[in-house]
Amino acid sequence: NVGKLRPAWIHLPGRTTRGVQSTPIVMDGSLWYSTPYSRVHKLDAATGERMWVYTPELNEMVVKRQTHGPYSRGMCVGDGKAYIGTLDGRVIGVNDGSGKADWDVPLVDSVKDTIGFTGGCTYANGTVVIGQQAGEWPIRGRIFGLDGRTGSTKWTFYTVAGPEDPEAQKTWGGDSWKYGGGGGWQPGGYDAENKQVFWGTGNPNPLYDWGAENWMTTGARPGVNLYVTSTVALDINTGKLNWYYQEVPHDPYDWDSSVGEYLMIDKGGKKLVAHPSKNG
């Protein structure tokens, strides 16, 4: 029936520097999506009529310093709220009925670190999971688990292993763990049976290492550099690392694994999760 398809409606969201990069969420007759400058729109899915738009006040100095532009790659919905991470390091829970913020929580010092949130989030089991930008910057990237009702932080997972994870910290030579980048700037998938999220982590900093074939012992960040450019499986309630798979050890190519799509399949009596990574 493709020849019969016609536009039912068109919505013009306004300020869209670098285009609309988010995937809409449709549920119970409503449609939500985000646009640049961390804005959230709620529409009637059948008519395109705007029910509300939430436009947060942003630190414009931080926005102008963003090297990747002011876009938003998505948001999530749950527990009567729409959730959005902002360019200046906050996560906001927007009341789905009124379109006004129920809570607004700063998580990243974007004035100091430059970066904040551009990616979407995942809502599951009362928890909002979101990862910050980090890959190209000399910081330790994080993935956060927030209480969907209050915005309080339930847990934090560092994608660059440090003192809280001594064995993995050894995979970063010298003090390179202090500025290893990482993060997780796209949303992951939820495994309801095991109450865990799959999350793809970002590239390390610096992007391109000069260790060449001696990358385990020389260069800016000797070692395999856990847990960047990996899939990590985190307990939805505690943030505990259940397992990881590093898709590109050391990653000298900026092939980060922050591709948000995860496909769960049953094959040969096994439960598998497939992840299309940048490494082909």
Stretched fully, the stretch from ILE10 through THR238 gains (0.36 nm per residue minus C-alpha distance, one decimal, in nm) 77.9 nm
Of all trypsin sites (Lys or Arg not before Pro) in the stretch 179-280, the ones in DSSP coil with at most 16 other Cβ atoms within 10 Å are LYS195, LYS240
Connecting every pair of Cα atoms under 10 Å apart in the chain and solving the GNM, the largest mean-square fluctuation among ILE265, ILE25, ILE115 falls on ILE265
So the carbon and sulfur contribution to the accessible area of the chain, 1.4 Å probe, in percent, is 53
Per-residue accessible area, 1.4 Å probe, largest first, puts TYR33, TYR83 in the order TYR33, TYR83
Among the stretch 41-66, those whose backbone N falls under 15 Å of a label point 7 Å along Cα→Cβ from VAL26 are 43-49
Taking Cα atoms only, Rg over Rh for the chain with Rh from the Kirkwood formula is 0.99
For the stretch 172-280, Rg(Cα) over 2.2 N^0.38 Å is 1.13
To the nearest Å², the heavy-atom accessible area per residue of the chain with 1.4 Å probe amounts to 46
Spelling it out for SER30: with amide H atoms placed in the peptide plane at 1.01 Å from N, the residues 5 or more places away or on another chain with amide H under 5 Å from its amide H are ALA45
Taking only the alpha-carbon atoms of the stretch 16-108, the convex hull volume per residue, in cubic angstrom, is 90
Note to self: C-alpha centroids of the stretch 230-255 and the stretch 31-102 sit apart, in Å, by 27
Debye calc, one equal point scatterer per Cα of the stretch 105-211, no solvent, log10 I(q)/I(0) at q = 0.22 1/Å comes to -1.20
The answer for trypsin sites (Lys or Arg not before Pro) in the stretch 89-154 that fall in a DSSP coil and have at most 10 neighbouring Cβ atoms within 10 Å is LYS100
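The values are calculated or read from the model by the stated rules, or taken from the named source; none is laboratory data. Just so it is clear, the model here is predicted, and its values are computed rather than measured. All Cβ positions, even for glycine, are placed from backbone atoms using ideal geometry, and neighbour counts span all protein chains on display. Remember, those area values only see protein heavy atoms, side chains included, never the ligands or the DNA or RNA. Shrake-Rupley method; radii C 1.70, N 1.55, O 1.52, S 1.80 Å.
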